[in-house]
Amino acid sequence: MDPDDFAEALAAARDGDQGGFTALWSEFSPRVAGFLRGRGEPEADELTSQVFLDAFRALDRFVGDDRAFGAFLLTIARRRAVDAHRTRGRRPQECAGWEAELDDRSAPSPEEAVLARAGRQWVVDLLDTLSLDQREVLLLRVVGDLTIEAVATEVGKSQGAVKALQRRGLDALRRGLLEGRPGLVGDRHRGETR
């Protein structure tokens, strides 16, 4: 988002203008939802909405540019994800979502739904090969587009540690793709010799 457009949208949102809220949501919600999905959150869309509600309530206290706003949102998202994980651990698991799929008249075809889920699952499986620290750093750097300094602050580690975690995480992903781990690259790569 252009810095002037961001400043204008932020000012409008602070004044309660729906257009400002919409502009901020349109620009930043895909990044927040992607971050949450990358963490394996089953209710990423709902959490994304909660993140923006929290952020919009705190707009008067926010100071910074569009990058700082992205970091602000991801900080809220990370905390919301931790809270959601703790809550899920305290209550029995439910089979949620199937009712909505049955009632959704505009749902994609079964083939499209399976491919979309398989693609998301492929990414989650790939990220599951990483340590929790590597995964967190890569999600904040790549999906969140945060600087090394911002990630270091967010995860409470030194900049050198963040750089090392990022390098090791990327190396692990590269090895996983090159080795053709089951479920990650696809059946056509299994059993091939190099």
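Values in this text are rule-based calculations from the coordinates and carry no lab data. This structure is a prediction, so every number in the text was calculated from the model and none was measured. So basically every Cβ, Gly included, is an ideal-geometry build from the backbone, and we count neighbours across all protein chains shown.
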Along region 126-139, Karplus-curve 3J(HN,Hα) (6.51, -1.76, 1.60; θ = phi - 60°) to the nearest Hz, with x for Gly and Pro, reads 5, 5, 5, 6, 8, 5, 4, 5, 4, 4, 4, 5, 5, 5
What list of ³J(HN,Hα) values in whole Hz, one per residue of region 163-171 in order, does the Karplus curve 6.51 cos²θ - 1.76 cosθ + 1.60 (θ = phi - 60°) give from phi, with Gly and Pro shown as x?
-> 4, 5, 4, 5, 4, 5, x, 5, 4
Quick one: putting +1 on the C-beta of Lys and Arg, -1 on the C-beta of Asp and Glu, what dipole do you get for region 1-84 around its Cα centre, in Debye to the nearest 20?
-> 480
Please turn the phi angles of region 55-63 into ³J(HN,Hα) values with the Karplus equation 6.51 cos²θ - 1.76 cosθ + 1.60 (θ = phi - 60°), one per residue in order, whole Hz, x for glycine and proline.
-> 5, 5, 5, 9, 4, 5, 8, 6, 10
Glu8 versus Glu27, label points 7 Å from Cα toward the beta carbon: distance in nm?
-> 1.1
Pop the C-beta distance of Ser158 and Phe62 into the FRET formula with R0 = 22 Å and round what comes out to the nearest 0.05.
-> 0.25
Starting from the Cα-Cα distance between Leu53 and Leu178, subtract it from 0.36 nm times their residue separation and give me the gain in nm to one decimal.
-> 40.9 nm
